[in-house]
Amino acid sequence: MPKRKRKKPKDDELVKLVVDALDDMKAEKIVSLDVRHLTSVTDHMIIASGRSDRHVRAIADRLIERCEEAGIDPLGIEGQEAGEWVLVDLADAIVHVMLPKVREFYNIESLWDLPARDESAGIA
């Protein structure tokens, strides 16, 4: 069977698809960060919380289904078995679905929510 060609959605379409899937599964505290000015690895970091490990896994599973229905194959998925923190790598967006205690401990929003440098003002 030939491998399906990976679809390349526009950034805003991908973010909307992800946020809608997370919202449909009642994910909590959904945050979308544009990180293009910080890394070349991805364009967007999307973070959400689930109420339990089962809820975190269900949110991630539904996100993966929605992406596959749209012709987007995740590049990688980590943490599904434990369900405390599931990472879904969609190339242009990396999605983190976490238990609230894990999200609070790692506080990845503070690591990635930095303004772009203003090079014209000489600020580094």
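Every read-out reported here was derived from the displayed coordinates using simple, explicitly stated rules and does not represent laboratory data. From a predicted model like this one, the values you see are computed outputs, not experimental measurements. Ideal geometry is used to build each Cβ from the backbone, glycine not excepted, and the neighbour counts take in all protein chains shown.
Computed on the Cα trace of region 11-107, the radius of gyration divided by the Kirkwood hydrodynamic radius gives Rg/Rh = 0.93. Students often forget the sequence filter, so: which aspartates and glutamates lie under 18 Å Cα-Cα from residue 16 once same-chain residues fewer than 8 apart are removed? Reachable aspartates and glutamates: 24, 28, 34, 43, 61, 65, 68, 69, 73, 89, 92. Taking amide H positions as modeled 1.01 Å from N, with prolines and chain starts lacking one, the residues under 5 Å from residue 44 and 5 or more places away or on another chain are 35, 93, 94. A full extension of the chain between residue 107 and residue 73 corresponds to an added length of 9.5 nm, given 0.36 nm per residue minus the alpha carbon distance.
Here the Karplus curve 6.51 cos²θ - 1.76 cosθ + 1.60, taken at θ = phi - 60°, turns the phi angles of region 96-107 into couplings of 10, 10, 9, 5, x, 5, 6, 4, 5, 5, 7, 6 Hz, with x standing for Gly and Pro.
Only Lys, Arg, Asp and Glu count, each charged at its Cβ (+1, +1, -1, -1), so figure out the dipole size of region 11-107 about its Cα centre, rounded to 20 debye.
Details: 11 positive and 21 negative charges, 106 e Å.
Once rounded to the nearest 20, the dipole reads 500 debye.
So the label point goes 7 Å from the Cα of residue 54 along Cα→C-beta, right? Which residues of region 61-98 then have their backbone N under 11 Å from it? Counting only backbone N, you get no residues.
Of all lysines in the structure, those lying under 26 Å Cα to Cα from residue 10, and not within fewer than 8 positions of it along the same chain, are 26, 29.
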